[in-house]
1. Given the criteria modelled with pLDDT of 90 or more, within 19 Å of S254 (Cα to Cα) and among the aliphatic types (A, V, I, L, M), does M179 qualify?
2. Identify the single condition in (1) buried (at least 16 other Cβ atoms within 10 Å of the Cβ); (2) among the polar types (S, T, N, Q); (3) modelled with pLDDT under 95 that S111 does not satisfy, given that it satisfies every other one.
3. Quick one: how many residues across region 191-213 are among the hydrophobic types (A, V, I, L, M, F, W, C), over 18 Å from I85 (Cα atoms) and in contact with a helix residue (DSSP H, G or I) (Cβ under 7 Å, 6 or more places away or on another chain)?
4. What residue, of F194, F174, F180, is closer than 22 Å to G75 by Cα and of a type in the set (F, W, Y)?
5. Sort out for me the helices (runs of 4 or more DSSP H) sitting completely within region 200-264 that have 1 or more residues that are more than 16 Å from the chain's Cα centre (by Cα) and aliphatic (A, V, I, L, M).
6. Name the single residue that is farthest from A127 (Cα to Cα) among those in region 214-268 being among the polar types (S, T, N, Q) and touching a helix residue (DSSP H, G or I) at 6+ places or on another chain (Cβ under 7 Å).
7. Please work out which residue is farthest from G75 (Cα to Cα), limiting yourself to region 140-158 and to residues that are at pLDDT 95 or above and of a type in the set (S, T, N, Q).
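The values are calculated or read from the model by the stated rules, or taken from the named source; none is laboratory data. Note that the structure is predicted; figures quoted are calculated from it, not measured. Please note: Cβ atoms are built from the backbone with ideal geometry, for glycine as well, and neighbour counts cover all protein chains shown.
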Amino acid sequence: MMNIYLFELKMYKKSIIIWSIAIPFWIFFYMAFFPMIAADSVAFEMIMEDYPEELLAIMGMNAELPMSSILGYFGLTFSMTQIPIAIQAANYGFHTLSVEERELTADFLLSKPITRSKIIISKFFAAFTSLTIVNVFIWGISILSLYLFKGEQTFELRNVLVLLSTVVIFQLFFLSVGMFISVSLRKIGSVLSFSMGLGLGLYILNSLRSLFSSDIFGYISPYTHFNPAYILIEGNYHKVFTIISLLIIIVSLSMSYFLYLRRNIPSL
């Protein structure tokens, strides 16, 4: 079991390095523009007033948390960062259980003296470990950027930490749903296409929720469940949405486990 875990973790090595650089760079790059916005906040707020409230909501902006504030700008930055976080996690979810089927090497793996149960558990923890490593860099660069670019402004660090703590649940959502879809379908062709479809598709649902001011579109979207503006203002999770996310994760992982144990896996 440990050998599979270490082998899978080694296979993720290149991906971990790329995502650990790309996502933190994305955060740092966008946060670096904040001093310019803060320096001319009045003019910037006047421009924002011309935009419809629905469009501002889609962009993750909130009247209680203006972009001229460090937390308002970080909330907008983080809402955009959630997209690559989702794509990475979904990519691992679709990849982890379908790679042997695509490469027709499943017979080699299943011929080893190890149960399917141990295989899926090892693969899951390897993927989750990889996501956690990236998450550590997200935490570090987010806090560093806030203190580096805040200027004379102050902010509530506790609320930021609460927001950052949602990343692990957010990652687990897309990882587990990706795993469930991959074992539910007969064959996964392009993992990247599926992961981008899932990540962007649920983002569009969240946008529709903001556009029509209806929670119906947001019940299954983690972008709604962990809205950065809401968390930075309230300093807490939205209880109902968080429970929905956790239930989806539990159900997806459970179904992935039982379907994988009974799956007819093609081989050479």
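1. It is true that M179 is modelled with pLDDT of 90 or more, within 19 Å of S254 (Cα to Cα) and among the aliphatic types (A, V, I, L, M).
2. Among (1) buried (at least 16 other Cβ atoms within 10 Å of the Cβ); (2) among the polar types (S, T, N, Q); (3) modelled with pLDDT under 95, S111 violates only (1).
3. The total comes to 2.
4. Details: F194 fails: closer than 22 Å to G75 by Cα; F180 fails: closer than 22 Å to G75 by Cα.
The unique qualifying residue is F174.
5. 228-234, 239-262
6. N236
7. In this case the residue turns out to be S145.
For every residue, the table says whether it meets (1) surrounded by 14 or more Cβ atoms within 10 Å (Cβ to Cβ); (2) more than 22 Å from S142 (Cα to Cα); (3) at pLDDT 85 or above.
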residue: S213; (1), (2), (3): no, yes, no
residue: I220; (1), (2), (3): yes, yes, yes
residue: H225; (1), (2), (3): yes, no, yes
residue: I233; (1), (2), (3): yes, no, yes
residue: I243; (1), (2), (3): no, yes, yes
